[in-house]
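To start, the structure under review is shown below, and the notes come after it.
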Amino acid sequence: MSKLHLVFGGRVKDPRGLEFVDLDNIDLVGLYASYAEAEDAWRGKAQRTVDDAEMKYVVVHLHRLLEPDAEAMPAAAPPAESAQAER
């Protein structure tokens, strides 16, 4: 599966959060096959609204939502010495 990224933005209730206040007017910028492309699109939109603190654009890693276990790293087993020292 390609690593899809969604870029969208809109007016938020608090600039420190992600609670969008008007879902009918969300600006769907687009879907991108790479993070670099998505970041370029995000940067372009975000820079146009830099003076409006209530406007926020985000990049969503859709590939992480669609296949959450695909990028998970297996937990490393502790070295035998440190496991014995903890006992």
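Take the residues in region 66-87 that are over 23 Å from the mean Cα position of the chain (by Cα) and not in a loop (DSSP other than H, G, I, E, B), then tell me which one is modelled with the lowest pLDDT.
Out of the qualifying residues, it is Ser82.
Can you find, within region 19-65, the residue that is surrounded by the most Cβ atoms within 10 Å (Cβ to Cβ) among those that are in a loop (DSSP other than H, G, I, E, B) and of a type outside the set (Asp, Glu)?
Taking the candidates together, the pick is Thr49.
Please find, within region 1-18, the residue that is modelled with the lowest pLDDT out of those that are surrounded by fewer than 11 Cβ atoms within 10 Å (Cβ to Cβ) and either touching a His at 6+ places or on another chain (Cβ under 8 Å) or acidic (Asp, Glu) (or both).
Within region 1-18, the match that is modelled with the lowest pLDDT is Met1.
Return the residues of region 1-18 that are assigned to a loop (DSSP other than H, G, I, E, B) and among the charged types (D, E, K, R); say none if nothing qualifies.
Lys3, Lys13, Asp14, Arg16 - these are the residues of region 1-18 that are assigned to a loop (DSSP other than H, G, I, E, B) and among the charged types (D, E, K, R).
The values are calculated or read from the model by the stated rules, or taken from the named source; none is laboratory data. What you are looking at is a predicted structure, and each value in this text was computed from that prediction instead of being measured. Cβ sites come from the backbone with ideal geometry, for glycine too, and all protein chains shown count toward neighbours.
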